[in-house]
Amino acid sequence: MSTPETAPRLPVFRLAPDIYAPLLALTQAAKKGLDPVLVELLLIRASQLNRCAFCLDMHVTDARKAGVSEERITLLSAWEEAPAHYTEKERAALAFTEAVTVLTGGFVPDEVYERAAAHFDDAELARLLALITAINSWNRLNVAARTPAGGVL
C-alpha cells in the first residue's frame, strides 16, 4: 500500500526512454568478467545504502538465482560484523562500494582503494567503479521517481 510519501511519482524511463539504454549498456559492460555473485552483492549493498526498494527487490531476486544464500543476503547490511560469511575479496569490494556510494568527506580513502586493489587488477577496478557508478545512478533515478518494488521501469 502506498502513502503520499511513497506513491509512484514519475515514470522516468517511459517518459525519457533514451536514458534507459545507455545506463543499461554501462551496467552490462561493467559486469563483463566480474563474478556474478560478487556483482549482485555489490548491487544489493549500494541499493541498501541508497534505500532503493525497486533495485533491492530486483537484485535480491537475481542474487538468489545466482546461488547466493539467504543468510548472506540477510547479513549483507552488516557484512563487517559477519566476516565469516564473505571472502576477503568480497569484503574489499563491499568496502569500495560503500566508499564510492557514500563518498564520505568527498573522496574514496586510500586504504579502501588499496584494499580493493590488492584483490582486483586495474581493469577489474575500472569495471567495479563503473558498476558502482551505474547502480548509484539507477538508485537515484528510481528513488527520486519513487519507482515501487516489483514495479515496471
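Details
- Residues in segment 31-41 include none that are over 14 Å from the mean Cα position of the chain (by Cα) and either surrounded by 17 or more Cβ atoms within 10 Å (Cβ to Cβ) or in a helix (DSSP H, G or I) (or both).
- Only a single item in (1) at pLDDT 95 or above; (2) out of contact with any Gly (no Cβ under 8 Å at 6 or more places or on another chain) is not met by E5, and it is number (1).
Condition check ((1) touching a strand residue (DSSP E or B) at 6+ places or on another chain (Cβ under 8 Å); (2) open to solvent by 20 Å² or more (accessible area, probe 1.4 Å); (3) free of Cβ contacts under 8 Å to residues at least 60 places away in the same chain; (4) in a loop (DSSP other than H, G, I, E, B)) across all residues:
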{"residue": "P8", "(1), (2), (3), (4)": "no, yes, no, yes"}
{"residue": "A46", "(1), (2), (3), (4)": "no, no, no, no"}
{"residue": "D62", "(1), (2), (3), (4)": "no, yes, yes, no"}
{"residue": "G67", "(1), (2), (3), (4)": "no, yes, yes, yes"}
{"residue": "R72", "(1), (2), (3), (4)": "no, yes, yes, no"}
{"residue": "L76", "(1), (2), (3), (4)": "no, no, yes, no"}
{"residue": "A84", "(1), (2), (3), (4)": "no, yes, yes, no"}
{"residue": "E114", "(1), (2), (3), (4)": "no, yes, yes, no"}
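- Filter pass, R115 being modelled with pLDDT of 95 or more, in contact with a Leu (Cβ under 8 Å, 6 or more places away or on another chain) and of a type in the set (K, R): no
- Extreme residue, most open to solvent (accessible area, probe 1.4 Å), among residues of segment 126-153 that are within 16 Å of R9 (Cβ to Cβ) and among the aliphatic types (A, V, I, L, M): V152
- Single match in A53, A95, A123 (criterion: surrounded by 12 or more Cβ atoms within 10 Å (Cβ to Cβ), of a type outside the set (V, I, T) and either touching a Leu at 6+ places or on another chain (Cβ under 9 Å) or in contact (Cβ under 8 Å) with a residue 40 or more places away in the chain (or both)): A53
The values are calculated or read from the model by the stated rules, or taken from the named source; none is laboratory data. Every value quoted in this text rests on a predicted model; they were computed, and no experiment measured them. Neighbour counts run over all protein chains shown; Cβ positions are idealised from the backbone, glycine included. These accessible areas exclude ligands, DNA and RNA; they are computed on the full protein's heavy atoms, side chains included. Shrake-Rupley method; radii C 1.70, N 1.55, O 1.52, S 1.80 Å.
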